[in-house]
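What follows is a single structure, written as structure tokens, with notes after it.
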Amino acid sequence: MTLVSKDILKAAEILSRNELVAIPTETVYGLAANIYSDTAIKKIFELKKRPFFNPLIVHIHSMEQVMELAVDFPEKAQLLAKAFWPGSLTLILKKQAAVPDLITAGNDTVGIRMPQHDLTLELLKSLPFPVAAPSANPFTHISPTSAQHVKNYFNGALEMVLDGGDCKNGIESTIVGFENEEPVVYRLGSISIEDIRAVVGNVTLKNNKEKAPNAPGMLEKHYAPRTKTYLVENIAHFVAQHPDQKIGLLLHIKEPKDHGVEKTIYLTETGDLKEAASKLYSAMHELDKWDLDMIVAQRLPDTGLGKSINDRLERATK
């Protein structure tokens, strides 16, 4: 049985003997391990069944730790860190030689983030090493936003989940790297691309790469339920074309009728995109339990966090 507990000392003890602990963040739960232990890092890849070409993100508790991991901290990266850390921003920076290639998938860069979660920051401050922490789910499956989601995936195979409650932002961090010193968004996430631009000006979006990705979350298929999932503009038209199917709807606009489907979940009824993002994965987990023939998601407005949510839903339909 996997222990679900708020015991930071226990979590630190487990991590210190190169085992894994699932940790809460404001985005999703992560599967944490000592970055300097190849033994521990390999356990992440094995438990998740994650390919080794997909790099991991290193989690830190202070700005001073950046230079332990990176050889340079460009001005625009510093501006973003000051604006969004602790928070849902991962920076891709040129790595120090001490950062293992196993974490960076052989790239000369490393992803660094300071999560906005008091329990995990306290844990990180108690450790003599940073941790790598990809989402605590099997590779390509729906990310976990509660301790129970993690336990459902790994009960018995994982020693402990540090229980920090439900994740408030609900989708992964936005990943920003730099090419010719100019910012590039490699993964859309909990911070909108508009918010990034407000701090550093022009930003390029490059968020798809099937081979040797620069960052996590760039693969075409990701974040997917077991149930076949579709992302559509016109819910009524799609449902009418599948009259004999058990359908679960994932909506963000209050519909005038219930469409006669098996199950309907609203991400938001007010158009609040932050609320929609925070509920996305929990709603997908819920629908995936209902033995449906299909999940049909309604495309959101493609602006702000709507763009990030659509990105997740598009990858879930592959």
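At a glance:
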{"quantity": "Given (1) more than 20 Å from PRO144 (Cα to Cα); (2) open to solvent by less than 10 Å² (accessible area, probe 1.4 Å); (3) modelled with pLDDT under 95, index of the condition ASP302 fails", "calculated": "(2)"}
{"quantity": "So PRO115, is it in a loop (DSSP other than H, G, I, E, B) and closer than 22 Å to ALA147 by Cβ", "calculated": "yes"}
{"quantity": "Candidates GLU269, GLU275 - the one that is at pLDDT 95 or above, out of contact with any helix residue (DSSP H, G or I) (no Cβ under 8 Å at 6 or more places or on another chain) and open to solvent by 30 Å² or more (accessible area, probe 1.4 Å)", "calculated": "GLU275"}
{"quantity": "Residues that are of a type in the set (Asp, Glu) and either open to solvent by 40 Å² or more (accessible area, probe 1.4 Å) or under 21 Å from THR25 (Cα atoms) (or both), drawn from the stretch 278-299", "calculated": "GLU286, ASP291, ASP293"}
{"quantity": "Residues of the stretch 6-36 satisfying the condition of being open to solvent by less than 10 Å² (accessible area, probe 1.4 Å) and acidic (Asp, Glu)", "calculated": "GLU26"}
{"quantity": "Selection count where residues are assigned to a loop (DSSP other than H, G, I, E, B), open to solvent by 20 Å² or more (accessible area, probe 1.4 Å) and among the charged types (D, E, K, R), scope the stretch 156-209", "calculated": "7"}
{"quantity": "Per-region count, the stretch 131-149, residues touching a Leu at 6+ places or on another chain (Cβ under 7 Å) and within 16 Å of ALA11 (Cα to Cα)", "calculated": "4"}
{"quantity": "Number of positions in the stretch 65-94 that are assigned to a loop (DSSP other than H, G, I, E, B), touching a helix residue (DSSP H, G or I) at 6+ places or on another chain (Cβ under 8 Å) and either in contact (Cβ under 8 Å) with a residue 40 or more places away in the chain or buried (at least 19 other Cβ atoms within 10 Å of the Cβ) (or both)", "calculated": "2"}
{"quantity": "Close pairs (7 angstrom Cβ cut-off, 6 or more residues apart or separate chains): in contact (Cβ under 8 Å) with a residue 40 or more places away in the chain and acidic (Asp, Glu) in the stretch 142-163, open to solvent by 40 Å² or more (accessible area, probe 1.4 Å) and not in a helix (DSSP H, G or I) anywhere", "calculated": "GLU159/LEU3; GLU159/GLU19; ASP163/VAL4; ASP163/LYS6"}
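Results for (1) touching a residue at least 12 places away in the same chain (Cβ under 8 Å); (2) β-branched (Val, Ile, Thr); (3) touching a helix residue (DSSP H, G or I) at 6+ places or on another chain (Cβ under 7 Å), shown as yes or no for each residue.
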{"position": "LYS279", "(1), (2), (3)": "yes, no, no"}
{"position": "ASP288", "(1), (2), (3)": "yes, no, no"}
{"position": "VAL296", "(1), (2), (3)": "yes, yes, yes"}
{"position": "THR303", "(1), (2), (3)": "yes, yes, no"}
{"position": "ASP311", "(1), (2), (3)": "yes, no, no"}
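The values are calculated or read from the model by the stated rules, or taken from the named source; none is laboratory data. Keep in mind the model is a prediction, meaning the values are calculated, not measured. Note that we place each Cβ from the backbone using ideal geometry, even for glycine, and neighbour counts take in every protein chain shown. The accessibility values were calculated without ligands, DNA or RNA, using every heavy atom of the protein model including side chains. Shrake-Rupley method; radii C 1.70, N 1.55, O 1.52, S 1.80 Å.
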